Structures are given as C-alpha cells and as structure tokens.
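Comments concern the structure below.
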There are 2 protein chains.
Amino acid sequence: MTNAALAELVTELPEGTVVTDPDILASYRQDRAADPNAGMPLAVVRPHRTEEVQAVMRWASANKVPVVPRGAGTGLSGGATAIDGGLVLSTEKMRDISVDTVTRTAVVQPGLLNAEVKKAVAEHGLWYPPDPSSFEICSIGGNIATNAGGLCCVKYGVTTDYVLGLQVVLADGTAVRLGGPRLKDVAGLSLTKLFVGSEGTLGVVTEVTLRLLPPQNSPCTVVATFDSVEAAANAVVTITGKIRPSMLEFMDSVAINAVEDKLKMGLDRNAAAMMVAASDDRGAAGADDTEFMARVFSEAGATEVFSTSDPDEGEAFVAARRFAIPAVEAKGSLLLEDVGVPLPALADLVSGVEKIAAQREVMISVIAHAGDGNTHPLIVFDPADEAMTARAQLAFGEIMELAVGLGGTITGEHGVGRLKRPWLANQIGPDAMELNHRIKRALDPDNILNPGAAI
Amino acid sequence: MTNAALAELVTELPEGTVVTDPDILASYRQDRAADPNAGMPLAVVRPHRTEEVQAVMRWASANKVPVVPRGAGTGLSGGATAIDGGLVLSTEKMRDISVDTVTRTAVVQPGLLNAEVKKAVAEHGLWYPPDPSSFEICSIGGNIATNAGGLCCVKYGVTTDYVLGLQVVLADGTAVRLGGPRLKDVAGLSLTKLFVGSEGTLGVVTEVTLRLLPPQNSPCTVVATFDSVEAAANAVVTITGKIRPSMLEFMDSVAINAVEDKLKMGLDRNAAAMMVAASDDRGAAGADDTEFMARVFSEAGATEVFSTSDPDEGEAFVAARRFAIPAVEAKGSLLLEDVGVPLPALADLVSGVEKIAAQREVMISVIAHAGDGNTHPLIVFDPADEAMTARAQLAFGEIMELAVGLGGTITGEHGVGRLKRPWLANQIGPDAMELNHRIKRALDPDNILNPGAAI
C-alpha cells in the first residue's frame, strides 16, 4: 500500500468520503468491546451508496487491503476492531428507508439505527420486532451482521427471521441482490440467511428488505422475586413448555442491587433472582397468561409476585431490566458475556458463573433472556488494576468453556467477533470450522473482508 | 464404474441396504414430478444410520458416482429424479425420533413423515407447525431439503424457522454437526440455514433438531366467496396489514367446482374465488379476528360469508382446500406450479394465469396460500395428447416468467429441482447464480451431490 494508491480511491469517491484525519481514525479503532489489540486504520471510508461501496471493495481487492465493515460501533465482541493499515468501512451515512404497507416490508440501508427503523415503520402502523437492549444506538446493518436478538425473541425470533432480502457487495466489488419482498421464496440456495450473522466476513450489506408485522398488542406483565436461582430457572421451563410469553427476562442479585442503587424502585435487595415476564396475547388471553405465569412463579417458590395489565407500570420493570447493564457498568468496566445453554442447564450455568466469580475474585452479574437460555454474565473489573483485568479475562474464557460444557454456545446474539474467536473451534469442532473456512475461501479468496473476525 | 466397485459398497453396508433389483430401481426413478427425462440408477441405497450414509458418500466420492438423495419421493419439482448410472440414496429407513419436552425440541432422522413428527410431538403436548398439504406422505428430510411451507406459514413461518440443528454428511463422507438445541446461537456462519432448502446439493441430512411450540389454540374459521378474484385479493392485503391470521387460503372457480364435484358440500359453483381464513388467537381475540376478516370480506364485495368457532366445521373447509389438488387431479394429469409474488400482485398473477390458460388451451386452476402470495396454478393435461402436453409445458414456463415479471419467485416452497432449473437464472440473475455455484463448488467440488438439481 502506498499513499498514491489511497489517493486513487479518494478521487473515485465524493469529497469527504475517505477520512485520514488521525483523531477521527482513532475514534474508529474500537467498537464497544474496546479491544486492546485494535490497530490503526489507513483510512475510514464512509460511503453513501452501494456504488461507492463497490468502488471501495474493488480498490481494496486490487490493493489487497483488509476492510473492516462497521455499523454504529456498538458491537460487544470486537467484530469492528480496526486493523493496522486496513480500511474501516462505516455504513453510517447510508440511511435511506422506504416502507411498503401493502407488502408489509421496509427497504432499509444499513446505517439506520434499529430504533429509527422501529419508529419509521410504526408511523405506518407496522412493527419491526427485533429489540436488542442497545436498540437506541445500534444500527440495522450491525444487527444483520450479528443476527442480533433481544427481549422479544422468545416469542418473535431473531433478526434473520425478519430479513427477506439483501443487497451485498462482495470482496471483488460485485453487488448481488439476494431474496426480495416475497414472504416465501426457495429459488436457489438460502444465501440471504447465510449472509445474516456473517459479521462482515462474506460481504458488505448495503440494503435490506425487512419483513414487518402488524403492531404488537399491549402486554400484561408479571414480576417475581426468588430466593434461589434454581427456583426461577425451574419456572422458566414450566412456562415455556405451556405458553408463548412475549418476554421472559432474568436478573440476578447483583443486577437487582445495581439497578436499585440507581433507580430506587423498591426492588427486593435480598432476592437471589428476579423475573420480568410478559404476554402480548390479546385481551383476556394475555391476562390469563399473566395469571398462569404468576401461579407458576408462586408454585416455584417466588417470595413476591406482582402482576399488572397497565402498560406504563409494566414498562417500568422492563426499563429496570434494560437498565441492568448501565447500572452494573457503574461499578467498573465490563466484559459483557453472551453465552447460551439449553433451557434445563440455565441454573447450572448461573451457579457455575458464581463459582468462577468467587475463584477469580471478580464481581459477575448475570442477566438473561431466560426464555431463550441466552445469558449475559457481566464481568466487572478495574482496568487500572492489571491483576484484576487478567483475572477478568480468565473468567471471560472460563464462562465460555462452562457454557460449551453444558451443551451451550459461546454467543447467542452478539457474535464471535475477535474477542471470542479463540473459543469457537472448541464449540463447533474441527469439521464445522473447516466448513466455515471453505465458504469463506469461496467468497473471499484473498481474505480481505474483516480478516481475523468471526470464523 | 464397474460391478466390482459396487460390490465393494455392498460389502461395506448391512445386507439389503444396496438394492439393484430392476423393478425396485424403476420405482425410484421419479418423484411425484414424474420427470420424463429420469434416468435408471445403478442402485438404490437405503441406509439406517449416519455411518452408513458416510460409507455411501465416501464410496461415491472415490468412484465419482453421482448421488441423488431422496426422502419420501413426494417432491413436485424433480429434485429426486434419478440419474443414469448414479445412486439414489433413500432416507426412508432412518426413522428415529426423540422428543425433549423441557427444551421443546425433537431430534429426528430424515425418513420420518411430517405427520409422524407432528403426532410424536403431540403425544408430548407439543406442536411442530410446518404443514405442507402433503404432510401425511412427505418426509421431514424432504421438507428440510426444500424448506417446505404449508398452510400455517402465514403466521408460523416455514421449515427453516423450526430447524435449530442438523447433522449432515458432506460429499466426501465427513459428518458434521451444525447448530443444536439452543434457541439462540450465532457461533460461526449460519450453516444450518444454508443447508435448509439446498435440495440435497450440499450434503445429506441425517439428523435434525427441531424447535417445537406449545400446542396451537383451536382456530375460528371464516369462509367467503367472491364474484371476482380482485375482490378476494384486495381483502387479503387489508387483512394481513392489520392482523396475523393463522390461515388465509384461496381457491379459484375451477378448484371450487372440482372440489364440489367430489365432496358435494354445497359450495357456490358460480363463485370466482373462495377464501378460507382462520385465527388461532385465543378466546375472544380469535373470534374478534374472525369477525374482522368477515367484515373485510363483506366490504371487499364477498357474495357470501360464513364464520364458525366450531373446530370440526372449520376443519371441513380446510379439508376442502387441502382436497383441491386431488380433486383437480381427477380431471387429468397435473403440472403443479408453485410461483409466488409480492401480495399486491396476487390478482395480476391470477388474471395472467387465466390468459395463459386461454392462449394455451389448457385448464389451469389456481389455489394459493394467499397470505404469503404463494400460489399453486395446477395445469391439467392429458399425457396421451402430445400436442396438449407440449402446450401444458409451455404454460408451465410462461407462468414462471409471469411471476418473475411481477417481482415474484419461480418457487415458494416446492424447490427448483430439475423441472424449474432452466428458469432460475432469469429470476435471480447471473451474479447470484455465480454465488450459488461458488458455494456448491466449495462444498462439492466433484459435483456428485444431486447434480443437475436446484442450482
């Protein structure tokens, strides 16, 4: 790579698209994973249109320069960590959306935030369900890159369930349309699904066709506290075997106390676990579900159970659950885990995490999308304390090993990125790893798309 | 290929696994697409276990013998058409199932029929939603190969939405596990999703982990007849923009009359279209939905509207809809189409098909999973009449071209197989075709897995 080569790219793109100001470059080195091994990019490129992304990829291919696609930079696994001498391709300027109420689809560029998509479609009386906790700050392109989940997944599924079509730019600059506004379409291989969750390693998504639903019904909510995690976990299994709650969230004692420190809602500081559950089945059915869940919680040994059909009252508890991450973050820096297990192993996972916390002498709070078996152990550490930082990193790996040992996954919804890659082979095994690499080599033979990430 | 080589395979497998009896071979030449260009296989192999499938694929790879994977042989696109000198690998003997009520999953071998899976999980109080019209005779492995749909897709999605994990045997005989009983898992590329719908071109599925739901609620049903297809199509768009029906099916005048000929239910023989719609929202909500749909039908100009919350009465109309294919089949041989369009183009598709029927002088009946825009034009012809057969085949292609021209797909749920392959590139374009082929070459470099099918 020479400066002359970069100058060539600059002339190909609208003024201001290629940024080399060192201060700006520095702000694109890391995502929210704050990868300490982040490199210094050659340039940040902020294209506005698919054609500009094509120009970037053609240039990168010709010059064998690695490209790290980046959404809003809210990733928690280091999927957008910059590479020394590479490009960061930020999709932040690609923000168009058009909503079609008749086909119930939206065509969206990747730079729009999840919350902006939700808002734009709600203005047309429609609903885009996926709701990562970070929905106000994460981009739809990043959601697609990681196949992001959220709180409503337990009933409504994850991002891939709402992606009908994509336009992607491949490593060599070819733009390909996959799928489209057809609710059922099995023509050719399921390539749309392959690109969802590929963390920028197979192509750059420049346009998405999203499936939308009629608006969600106002939910009924039930909140319960427990003096043991096992009791809460047992209730989860009983509930999901019988009904389809629209939310089934878990917070442990550390999270409850961290939230209570900040919000002073009167949460039970002595509880070992708190569940926030909801049903959005309509009318009496939703109330019946809430009553059923309240009964299951009581029979499982809940110390307190509170139900409400008032949306604002319910939302206060959901907000408390959403606030758990910032509340725990107030205690120190976070390593944010994302391990998942089959539902019956949920209590074992939580107790295993407690043991790791005790052994490594770090605070770990567990919050979970319990209905999906997807947990977020939050490892709290002081980055100024080198020994503690090292212990936190050990705990980070041990939690993944624990999850895999319980038949689980190292990542339920955040992606593998760079931080979790050393643990991937341990979960999926050498044959599946080789299959991943075969696909990668077929689509990106020079390995210029997000090398070192995901697979 | 020599007989000596085949003898080697015979000795590697349990007695009776490799079949060379000419009469039996003949019965495995075609699936329900009755491809006139079907070849005569060298042998039919009916393995019982993954290890036996591995032995078959290792042998086939070593000897460069093409392998056509086959489920129950009910495919409608010729995905299981035999190849001269190749193997047919039938999964019919692989019939194990185990249901886990706690994780709400079933681990199933591919040879089990869809109806058998439904029944086995229902015995544990659970529900496997995908319901192709052929559910009593099609295999779960075939459903996965084609990403099969059905009547409940409009609310509950298609096969891929219920596949959490797979074991697949690759072309070289390697057995790989992908995914597993985890409701959210983004570790590595979405390979499980890539194999679903790949029609046996990337590997042989030997085990499936299915996601199950709590049982479906008893539906409320509403039936309406119309004197124009447009009126019915308009109602579909109005309904799906507001609520989530659990079924929204369409039959045209030909289908109505064919069903009435056989079942004598008192259907309106003068109607241009009939809709069968249902809601399984619980209690009053389901009844509200039915009332809403009845009102939409009336306002759209329905000539008659009938609602019922009696499950048996509702099921009679669903059975009539399911019976449409055999009823039309009584009029002659069928070429069964599977084209889909974005919802607003539904009426244009149906009227376009009418024009093709008139021009080609063949009877074509249209039935549709209307809520998904997925239609099944049934082209009726007399195979003894060569000229008519040729006209029917012209119509078959013209209907696909019509659908693609309306922004649609050549196949919504049956797969491309061999019959529709000539039209695939026209829909997805050369760049997406090349991407399909890159993946295929990466996974099956010698092209021994179902060559000539799907892509």
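The values are calculated or read from the model by the stated rules, or taken from the named source; none is laboratory data. Just so we're clear, the structure is a prediction, and the values are computed from it rather than from any experiment. Positions of Cβ are generated from backbone atoms using ideal geometry, with glycine treated the same way; all protein chains shown enter the neighbour counts. Keep in mind that these areas ignore ligands, DNA and RNA; they rest on the heavy atoms of the full protein, side chains included. Shrake-Rupley method; radii C 1.70, N 1.55, O 1.52, S 1.80 Å.
Numbers below:
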| read-out | value |
| --- | --- |
| Shielding of B:408-415 by partner chains, average beta-carbon count, 10 Å | 4 |
| Apportionment of accessible area to carbon and sulfur, the protein assembly as shown, percent (1.4 Å) | 50 |
| In the B-A interface, the accessible area buried, summed over both sides, Å² (probe 1.4 Å) | 6200 |
| Set B:K331/B:K440; A:K184/B:K440; A:K119/B:K184; B:K93/B:K420; A:K242/A:K264; A:K64/A:K193 screened for pairs whose C-alpha atoms are more than 31 Å apart | B:K331/B:K440; A:K242/A:K264 |
| Pairwise FRET efficiency - B:T20 versus B:M265, Cβ, R0 = 45 Å, nearest 0.05 | 0.40 |
| By average C-beta atoms within 10 angstrom, highest first, the peptides B:46-56, B:421-431 | B:46-56, B:421-431 |
| Computed over the stretch B:304-455, Kirkwood Rh from alpha-carbon pairs, angstrom | 17.2 |
| Nearest-first distances (nm) between copies at A:K262, label 7 Å from Cα via Cβ | 6.2 |
| Label spacing, shortest first and in nm, from B:E8 to its equivalents in the remaining copies (7 angstrom along Cα→Cβ) | 5.1 |
| Inter-label distance, nm, simple model (7 Å from Cα along the C-beta direction), B:E434/B:L394 | 3.5 |
| Average beta-carbon neighbours from other chains, 10 Å sphere, peptide B:355-366 | 0 |
| For the protein assembly as shown, diffusion coefficient by Stokes-Einstein and Kirkwood Rh (Cα), 25 °C, 0.890 mPa s, µm²/s | 86 |
| Solvent accessible area, Å² - B:D312, 1.4 Å probe, full protein context | 120 |
| Rounded accessible area of B:C138 (nearest 10 Å², 1.4 Å probe) | 10 |
| Helix-only CD estimate at 222 nm, as mean residue ellipticity for the protein assembly as shown, using -39500 (n - 2.57) per DSSP H run (n ≥ 4) | -11500 deg cm²/dmol |
| Span from the the stretch B:271-344 Cα centroid across to the the stretch B:31-96 one, whole angstrom | 37 |
| Calculated label separations, B:P215, copies of the chain, 7 Å along the beta-carbon direction, nm | 3.4 |
| Computed over the stretch A:95-209, Kirkwood Rh from alpha-carbon pairs, angstrom | 14.1 |
| Size of electric dipole in the protein assembly as shown: Cβ of Lys, Arg +1 and of Asp, Glu -1, about Cα centre, debye, nearest 20 | 1260 |
| Relative packing of peptides B:440-451, B:157-168, A:405-416 - highest average C-beta neighbours within 10 Å first | A:405-416, B:157-168, B:440-451 |
| Accessible area of the stretch A:218-404 divided out per residue, in Å², using a probe of 1.4 angstrom | 37 |
| Highest to lowest packing among A:143-151, A:343-351, A:187-195, scored as the average C-beta count within 10 Å | A:143-151, A:187-195, A:343-351 |
| Calculated from backbone phi, Karplus (6.51, -1.76, 1.60) coupling profile of the stretch B:401-415 in Hz, x at Gly/Pro | 5, 4, 4, 4, x, 8, x, x, 10, 6, 8, x, 7, 8, x |
| The stretch B:249-295: C-alpha pair distances exceeding 16 Å, % | 49 |
| Protein-protein interface of the stretch A:171-188, residues with accessible area decrease of at least 50 Å², isolated chain reference, 1.4 Å probe | A:R182, A:L183, A:K184, A:V186, A:A187, A:G188 |
| 10 Å Cβ neighbours from other chains, averaged over peptide B:30-40 | 0 |
| Threshold 20 Å², the stretch B:90-104 residues less accessible with all protein chains present than alone (1.4 Å probe) | B:V102, B:T103, B:R104 |
| Total formal charge among the other residues, if their Cβ is under 12 angstrom from that of A:A327, Lys/Arg +1 and Asp/Glu -1 | +2 |
| Segment B:R295-B:N217, length gained on full extension (0.36 nm per residue, minus Cα span) | 25.8 nm |
| Under Karplus coefficients 6.51, -1.76 and 1.60, residue-wise ³J(HN,Hα) of the stretch A:332-338 in Hz, glycine/proline x | x, 6, 10, 9, 9, 7, 8 |
| Environment charge at B:N114 (Cβ cut-off 11 Å; Lys +1, Arg +1, Asp -1, Glu -1) | -1 |
| Whole-Å distance, taken between Cα centres, linking the stretch B:349-410 and the stretch B:152-215 | 32 |
